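Have a look at the structure below, then the notes.
The values are calculated or read from the model by the stated rules, or taken from the named source; none is laboratory data. Keep in mind that what you see is a predicted model, and the values were worked out from it rather than measured. Reconstructed Cβ throughout: ideal geometry from the backbone, glycine too, with neighbour counts over all protein chains shown.
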Amino acid sequence: MKGNLMFKRWALNIVTLLVLMSLSLSLAAATLVIKIEGASKDQVANIRSMLSLVPLEGKEIVSLSRVRYLYAKADDEIHKALQPFGLYRPKISAQFVEKNDYWLARFKVEPGELLPIGYLDIQLKGEALQDDAFNSILLSSSLRTGSPLVHGVYEDLKKQLRSLAAERGYYQGEFTEHRVEVDLLSYQARIILHYDSGPRFRIGDIVFTDSPLADDFLMRYVPFKRGDPVQNKNLLNLQEALVDSDYFQLVEVRPLWSKATEADVPIEVMLHAKKRTKYTAGFGYGTDTGVRTTLGMARRWVNKRGHQFKTQLRASQIRSNLAAEYVIPGLRPQEDRYAVNLSLNEEHSDNVDNSNLYLGASWQKQQGRWRQVAALGWQQEEFKIGNETTQSTFLIPRISFTTVSTQDRLNVKNGYRLTLQALGGADQLLSDTNFIQLKFGAKAVHSFAPQWRVLGRVDVGTTFVDDFDKLPVSQRFFAGGDSSVRGYEYQSLSPKDADDEIMGGQNLFVGSVEVDYRFKGNWGVAAFIDSGSAFKDIQANLSTGVGVGLRWFSPIGPVRIDIAVPQSGEKNDIRLHLNLGPDL
């Protein structure tokens with residue numbers, strides 16, 4: 001009898017242990033799911049940011065009592081989360097139930113009536129009272145008596161007033177009173193917001209620290225004058241302009257508040273000059289040019305007036321260029337400059353053989369997004385077509401307009417480039433014949449998906465000339481090559497003479513469409529179609545090339561490796577094209 005009793009107790013203990021283990025495993029496997037219904041997206045986001053339950057969501061429940069304790073706090077937390085939206089009387093129904101393999105905390109929100117603004121007292125004092133910019137902010141604010149209280153709108157107005165005061169020189173501005181009172185009995189809000197701007201500080205003396213450039217030259221970069229209001233935007237514009245000038249490696253523009261006299265503040269411009277001389281060297285390869293090298297020297301300042309001197313040698317198997325430029329900054333150096341240019345150019349390819357000497361002067365001006373260049377140059381050129389060598393002399397006036405729009409030229413996702421140019425010569429003004437030439441170039445990049453881009457390019461040109469045979473090769477049009485119509489030899493698309501020699505054209509049309517796909521790293525692939533040619537009259541016999549390519553998006557711009565197949569003339573001549581440079 002005693003043995004049977006012990007057996008029963010032993011069996012009961014085993015069953016109890018198995019039940020407890022089963023419950024424990026069931027609980028350990030259970031997770032927490034939270035659902036919030038009836039609130040807007042922004043309200044739900046704020047509720048979740050304040051709910052103590054949220055950190056446990058999706059995790060296995062270790063302590064059910066802990067979860068129940070945090071669930072009990074949710075009602076107060078949701079009420080507080082809705083108050084910034086002007087909701088002080090929400091109705092919240094909650095459930096905490098066990099499902100098959102999880103526990104569900106469900107909250108249904110009825111937002112209720114928005115709390116209206118019953119009393120609004122906004123006052124502006126100080127010199128800002130006469131400043132239209134402050135009055136515009138107050139007029140545009142949605143804070144009105146009778147409108148719903150939204151705490152974010154109230155805080156945004158405070159932030160805008162502080163920001164505008166700092167921007168426009170009210171550096172002693174402060175809120176003398178700022179509070180929001182909520183009366184739940186009358187269910188109304190009271191807002192008191194008083195801002196005293198104090199005086200508006202103005203520019204005093206402008207002082208430059210020691211630099212190799214004259215102070216009166218540096219003053220040309222300053223976008224303000226003594227007596228103007230102190231504005232952060234203008235101080236930053238001055239700093240950026242001096243950094244972009246390439247004279248300085250570090251620039252700091254700061255008001256000297258400790259030396260302010262009444263409302264006049266001295267402005268100190270701290271300057272740390274770069275090295276006076278910069279040397280550059282580069283190497284590369286392109287299928288149009290072969291191996292190429294670049295050597296350069298730039299004298300950042302020749303004198304205290306900021307004049308600069310630059311010289312550069314570019315040499316390759318096909319083209320070589322030695323150029324020198326003397327630059328004189330204009331009255332607004334960040335916007336305009338003058339230059340004197342001298343260059344020697346040689347080009348010897350299968351299709352073009354010429355050398356020329358160029359001496360000219362130019363004026364460059366930045367007008368908004370457009371860079372305008374007006375130039376006048378004397379050019380003497382010797383060129384060979386077939387077995388005939390010709391010498392020409394031209395005095396060529398030129399004007400061009402260029403704009404580039406993109407956030408990052410080395411990694412273009414969306415953007416465009418436009419170029420317009422007109423040039424010419426007259427036989428009565430040191431030129432061998434009369435001619436006028438017009439050119440237009442455009443390229444656009446558009447990302448139509450995160451890793452996909454489409455690139456479009458078009459180049460158009462036309463020439464009106466009295467005697468084409470006297471027009472130098474450098475002013476004739478050619479097509480074909482890495483940056484023109486891929487699949488064809490460099491400058492091979494052009495009218496030919498009776499001996500089947502390339503002679504260049506009066507007109508040009510080249511178009512291209514390319515689609516590329518970028519992998520998650522720096523590599524990508526592309527497919528393209530190019531079409532175009534240089535031609536003599538309006539009837540153009542366009543040549544087309546199609547192909548695929550490999551892209552490496554390097555820190556200095558894309559490296560392009562293309563295989564192109566010509567669709568006419570050279571159908572069996574599959575060509576490899578290598579090119580490096582920014583898309584725009």
Practice problem: For the stretch 149-187, enumerate the residues that are buried (at least 17 other Cβ atoms within 10 Å of the Cβ) and more than 30 Å from VAL230 (Cα to Cα). | Solution: LEU149, VAL150
Quiz item: Can you spot a residue in the stretch 500-515 that is at pLDDT 90 or above, in the same structural domain as VAL291 (by TED's automatic domain parsing) and acidic (Asp, Glu)?
Solution: yes
Quiz prompt | Selection from the stretch 267-292 of residues that are free of Cβ contacts under 8 Å to residues at least 24 places away in the same chain and surrounded by 13 or more Cβ atoms within 10 Å (Cβ to Cβ) | solution = LYS278
Self-check item: In the stretch 466-480, residue nearest to PHE394 (Cα to Cα) [restricted to those that are touching a Leu at 6+ places or on another chain (Cβ under 9 Å) and surrounded by 24 or more Cβ atoms within 10 Å (Cβ to Cβ)]
Solution: PHE477
Quiz item: What number of residues within the stretch 74-114 satisfy the criterion of being closer than 25 Å to ARG190 by Cβ, over 43 Å from the mean Cα position of the chain (by Cα) and part of a loop (DSSP other than H, G, I, E, B)?
Solution: 5
Quiz item: Scanning for something surrounded by fewer than 16 Cβ atoms within 10 Å (Cβ to Cβ) and within 30 Å of the chain's Cα centre (by Cα), does the stretch 431-440 turn up at least one residue?
Solution: yes
Practice problem: Kindly check whether there is at least one residue in the stretch 304-318 that is surrounded by fewer than 15 Cβ atoms within 10 Å (Cβ to Cβ), aromatic (Phe, Trp, Tyr) and either within 30 Å of SER492 (Cβ to Cβ) or assigned by TED's automatic domain parsing to the domain that holds LEU423 (or both). | Solution: no
Self-check item: Only one of ARG332, ARG398 that is basic (Lys, Arg), in a strand (DSSP E or B) and at pLDDT 90 or above
Solution: ARG398
Self-check item: Which listed residue, of GLY306, GLY360, is in contact with a strand residue (DSSP E or B) (Cβ under 7 Å, 6 or more places away or on another chain) and assigned to a strand (DSSP E or B)
Solution: GLY360
Quiz item: If you take the residues in the stretch 53-68 that are farther than 15 Å from ILE34 by Cβ and in a loop (DSSP other than H, G, I, E, B), which one is farthest from the chain's Cα centre (by Cα)?
Solution: SER63
Practice problem: Evaluate the stretch 203-211: report whether one residue or more is outside the structural domain of ALA94 (by TED's automatic domain parsing), under 30 Å from LEU242 (Cβ atoms), among the polar types (S, T, N, Q) and surrounded by 14 or more Cβ atoms within 10 Å (Cβ to Cβ). | Solution: yes
Quiz item: Quick one: what pairs do we get from the stretch 144-170, first residue more than 26 Å from ASN46 (Cα to Cα), second hydroxyl-bearing (Ser, Thr, Tyr), C-beta under 6 Å, 6+ apart or different chains?
Solution: ALA165/SER197; TYR170/SER197
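Among the residues of the stretch 553-573, which ones are in contact with a Pro (Cβ under 7 Å, 6 or more places away or on another chain) and farther than 16 Å from LEU455 by Cα? Before the answer, list the steps.
Applying the first criterion (in contact with a Pro (Cβ under 7 Å, 6 or more places away or on another chain)) to the stretch 553-573 yields 557, 573.
Matches in the stretch 553-573: ASP573 only.
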Quiz item: Any idea how many residues of the stretch 541-552 are in contact (Cβ under 8 Å) with a residue 24 or more places away in the chain and farther than 18 Å from ARG453 by Cα?
Solution: 4
